[in-house]
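Engineer: Shown below is the structure under consideration.
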Amino acid sequence: MAFLFGALLGLVLGVAVVMAFARLENSRAEQRRELAATVSSFSKLTVQDLKTLIPPEFYPSWLKWLNQELIKIWPFVNEAASELIKTSVEPVFEQYKSFILASIHFSKLTLGTVAPQFTGVQLLDSDSTSIIMELEMQWDGNPNIVLDIQTTLGISLPVQVKNIGFTGVLRLLFKPLVAELPCFGAVCVSLREKSKVDFTLKVVGGEMTAIPGISDAIEGTIRDTIEDTLTWPNRIIVPIVPGDYSDLELKPVGLLEVKLVEARDLKNKDLVGKSDPFAVLYIRPLSAKTKKSKTINNDLNPIWNEHYEFVVEDSSTQHLTVKIYDDEGLQPSEIIGCARVELAGLQPGKVKDVWLELVKDLEIQRDKKPRGQVHLELLYYPFGKQEGGSNPFASQIQLTSLEKVLKTESNGFDVNQRKNVIMRGVLSVTVISAEDLPAMDVMGKADPFVVLYLKKGETKKKTRVVTETLNPIWNQTFDFVVEDALHDLLMVEVWDHDTFGKDYIGRCILTLTRVILEGEFQDTYVLQGAKSGKLNLHFKWTPQPIYRDRDRDQ
């Protein structure tokens, strides 16, 4: 991460010169002269104008010049950047204390004698107030970095970071464009995405194996620090022209509501019994913003039904990461699998119900073995104006964003007691039919019936038995009084009736969010745990919102 701070100084100088050159170049061709003549100042140039003035065939010579200049000034960059790195990175280290690491500080830091090299450049489309440039970068550096590690066991370890190798894409946002050299007010610097960073760790005068787990803890801290300080939408703001650039700082743009519903068919990590799964969820891996579910003991099909809220800074590029672990007690937890959801695929104000396939690693997906699936319900709601409309509840921070969607001006909620609203109501479920159920008897038929109940309730409803069919039709409706619809689940199980008992066929686990939002709908659901089969269900919601404090008084 260190070289990015240093490379920035030379990089800004080089880009400024090139952009000024682009402004003055008016002799290459008649079309470009006419284009330049129509532009009253450089601040009015668009990305397309720049692409015309600086054609792609010019990029290689510019990159060659930039790399040569960076090599010349690298000794000065090295000296100037070291203290900046310490003051910027050490506070982030403090956020990653673990059961092994108590603190991390730099005891030595120089960037070495090898400057990074830029191997590619691209101008991206942007609005009229900014220009975005991306530079492909490689660095095989020889820095001298020694970390002072304090462990929770009271042991101090000087750890040297060696053999650093980096490959990634540096994103530069020039904003605002101004009518004075170097033609932009500030530069925002970040990595376009999580980049490849290789390094080795060595204890000065000792071995890393002296304390089990210390190497993994340090390596994880370094990688998370890079992601949380430099990976977009995180950015470093470098003022060029004096001014207020607070609008360029990373700011929340919306809230993501996540319901961790369940997982199924998880890969068993235990030799005896079954795994004890729990989930970790985050948009960025900052410790304070990472959510952890409860552990479900001895279950490869756990049901969590837990609700989380995440702040979103850039819905177009960020993603939600889910990692499922097996709780090993006092030993480090073992990962079962992980998955990722791109926030760009979420429609604001619309609930998205997803089943995600778990993989071993999100970056290198070589292992194709099945690891199970995780079931999430997602709702993204932006602050302020978005998609041509406005959010009338942007200032009502007491409600979750889901409850903001549900609220209307006519429902009579007390403004001072919004946070106490409970989504209570009557849920009507019509079990219409089933299709393609698996055969459960020797005659190739089944005698199916359906059992329905709320996870937080005790009452169960049951349909009649339809004999000797794999495509039963029930058309039976059941009503449930739901006390807290946002945090409950409807369990729908299909069974085969036998003379001396019953056999389980499969089930559907459904949140109530969609029916609360839509009021009424009909859909088809695949049976979990069954070789085949679908259920056709109809839902209707009659709301009766109440206050928690009023409910207690009743």
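Engineer: Take the stretch 161-258, drop everything but the C-alpha atoms, weight them equally and run the Debye formula without solvent; then report log10 I(q)/I(0) at 0.20, 0.22, 0.25 Å⁻¹ to two decimals.
Structural biologist: Here the Debye-derived log intensity ratios amount to -1.01, -1.11, -1.25.
Engineer: If you average the sequence gap of Cα pairs under 8 Å that are 6 or more apart and divide by the length of the stretch 260-371, what percent do you get for the contact order?
Structural biologist: 25 percent
Engineer: Can you tell me, using C-alpha contacts under 8 Å and at least 6 residues apart, the relative contact order of the stretch 434-506 as a whole percent?
Structural biologist: Relative contact order for the stretch 434-506 comes out at 35 percent.
Engineer: Would you kindly find the accessible area of Arg284, with a 1.4 Å probe and non-protein molecules such as ligands, DNA and RNA excluded, rounding to the nearest 10 Å²?
Structural biologist: 30 Å²
Engineer: Which value, to two decimals, describes the C-alpha radius of gyration of the stretch 270-362 once divided by 2.2 N^0.38 Å?
Structural biologist: So the stretch 270-362 has a normalised radius of gyration of 1.17.
Engineer: Quick one: Cα convex hull volume of the stretch 455-554, Å³ per residue?
Structural biologist: Here the figure is 127 Å³ per residue.
Engineer: Also, quick follow-up: What base-10 log of the normalised intensity I(q)/I(0) is obtained for the stretch 61-141 from the Debye formula, alpha carbons as equal point scatterers, at q = 0.13, 0.19 Å⁻¹?
Structural biologist: Here the Debye-derived log intensity ratios amount to -0.65, -0.97.
Engineer: Would you mind listing how long the stretch 229-269 runs along its three principal axes, going by Cα atoms, in whole Å with the largest first?
Structural biologist: Each principal axis gives a Cα extent; for the stretch 229-269 these are 58, 23, 9 Å.
Engineer: Right, something else. Could you tell me the relative contact order of the stretch 112-179? Use alpha-carbon pairs under 8 Å, at least six residues apart, and round to a whole percent.
Structural biologist: 35 percent
Engineer: With all distinct Cα pairs included, what does the Kirkwood hydrodynamic radius of the stretch 214-330 come out to in Å, to one decimal, could you say?
Structural biologist: Here the Kirkwood hydrodynamic radius works out to 16.8 Å.
Engineer: Using the C-alpha atoms of the stretch 81-207, what convex hull volume per residue, in cubic angstrom, is computed?
Structural biologist: 143 Å³
Engineer: Also: Using a 1.4 angstrom probe and counting only protein chains, how large is the accessible area of Val114 in Å², to 10?
Structural biologist: Result for Val114: roughly 60 Å² accessible.
Engineer: Also: Ignoring ligands and nucleic acids, what accessible area does Ser103 show with a 1.4 Å probe (Å², nearest 10)?
Structural biologist: 20 Å²
The values are calculated or read from the model by the stated rules, or taken from the named source; none is laboratory data. Since the structure is predicted, the reported quantities are computational estimates derived from the model, not experimental observations. In case anyone asks, the SASA skips ligands and DNA or RNA and just uses the protein heavy atoms, side chains included. Shrake-Rupley method; radii C 1.70, N 1.55, O 1.52, S 1.80 Å.
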